[in-house]
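K.L.:
Before I ask anything, here is the structure I am working with.
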Amino acid sequence: MEAMMSGHYPTQRLESAPASGDETSGAGGAGHRMQLKREVLARHPLFAFLTDVELARLAHYARLQFFPANTLIFSKGDKGASLLAVVSGRVKICSQSPDGKEVMLNVIQPGELFGEISLLDGRPRTADAVTMQESEILILERRDFVPFVRQNPDVALSLMEVLCGRIRRTSEQAENVLLRDMRVNLAQVIIRLAMPKRNSHVSVVDVTQKELGQMTGLSRESTNKQIQEWVRRGWVETYKGGLYVHNMAALQQYAENS
């Protein structure tokens, strides 16, 4: 799934000509930017098996673009003309409920792809994508990516695995909402979003409790109540705007056995 009212966000359309946020004005020189694109692509499982020559060719097609915080990258219904990856920052995939409230479907972390569904089927975007903080995004246009995949069939197989993983997580979320304790869903979302803190055993979840509630179907009050319970157990620690996870094993056991 890909997922706010576009009127709430400054827009910066991908189809537009290069602007101040594009790599044409970025620091570090063309060589540095090319190397960065290759490194980003090589780290993703989708492209990890490509040769250096193939990676270089794919990186040549890609471009890097900066987006300020709270910027709409694409809207639900937009033409799906590109595959995107977060280089730095975070992007939320969201939509609206019938009563106009925002529903957060996913948070895309550095190194993760998004926009792949519309890229493949050529149909409109299924949700909005909005930056949660200043972000650098790698963009591969459909007109370049599809011919590359035709010449490299293994990429298509890897992309199927990425999509299957996405579908599996969506199914698990639906099962948790419909059949299981919502607190289990909260634990699983925290585990998935946790990013290891450099030189530390602690992991960071840079998402607010309100946003966690949107992703799990819990109210802000119920989310806070459960997190405070885990704080008392010493599993997590709160800070303004996010969480530190101190005992990932305990949280994983809770998610698996509850």
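K.L.:
For a 23 Å ceiling on Cα separation, which of these pairs sit above it: LYS92/LYS240; LYS101/LYS197; LYS76/LYS197?
P.N.:
LYS101/LYS197; LYS76/LYS197
K.L.:
Let me ask something else about it. Suppose R0 equals 22 Å. What FRET efficiency, 1/(1 + (r/R0)^6) with r the Cβ-Cβ distance, do VAL231 and LYS210 give to the nearest 0.05?
P.N.:
E(calc), rounded to 0.05, equals 0.80.
K.L.:
Moving on to the next point. Extending each Cα 7 Å along its Cβ direction at ARG43 and TYR239, get the distance between those two points in nm, one decimal.
P.N.:
2.0 nm
K.L.:
Could I ask something else about it? Under 5 Å between amide H atoms, partner at least 5 residues away or on a different chain: which partners does ALA194 have, H built in plane at 1.01 Å?
P.N.:
Amide H neighbours of ALA194, under 5 Å, 5+ apart: none.
K.L.:
Something else: Show the residues, 5+ positions off or on another chain, whose built amide H is closer than 5 Å to the amide H of VAL207.
P.N.:
Amide H neighbours of VAL207: LEU243.
K.L.:
Give me the three principal axis extents of segment 181-257 from the C-alpha atoms, as integers in angstrom, largest value leading.
P.N.:
34, 29, 22
K.L.:
Multiply the residue gap between MET34 and SER97 by 0.36 nm, knock off their C-alpha separation, and tell me the result in nm, one decimal place.
P.N.:
Gain on extension, MET34 to SER97, equals 18.6 nm.
K.L.:
Moving on to the next point. In terms of the Cα gyration tensor, with a ≥ b ≥ c the square roots of its eigenvalues, is segment 98-145 rounded because a/c is under 1.5, prolate because a/b exceeds b/c, or oblate?
P.N.:
oblate
K.L.:
Same structure again: Where does the charge balance sit around GLU221 when Lys and Arg score +1, Asp and Glu -1, over other residues with C-beta under 14 Å from its C-beta?
P.N.:
Values: positive: ARG183, LYS210, ARG220, LYS225; negative: GLU229.
Residues close to GLU221 contribute a combined charge of +3.
K.L.:
Run the numbers for ALA56 and GLN253: contour at 0.36 nm per residue of separation, minus the present Cα-Cα distance, in nm.
P.N.:
66.7 nm
Read the figures in this text as sums done on the coordinates, not as results from a lab. What you see is a predicted model; the values in this text were computed from it and never measured. Every residue, glycine as well, gets a Cβ built from its backbone with ideal geometry; the counts of neighbours run over all protein chains shown.
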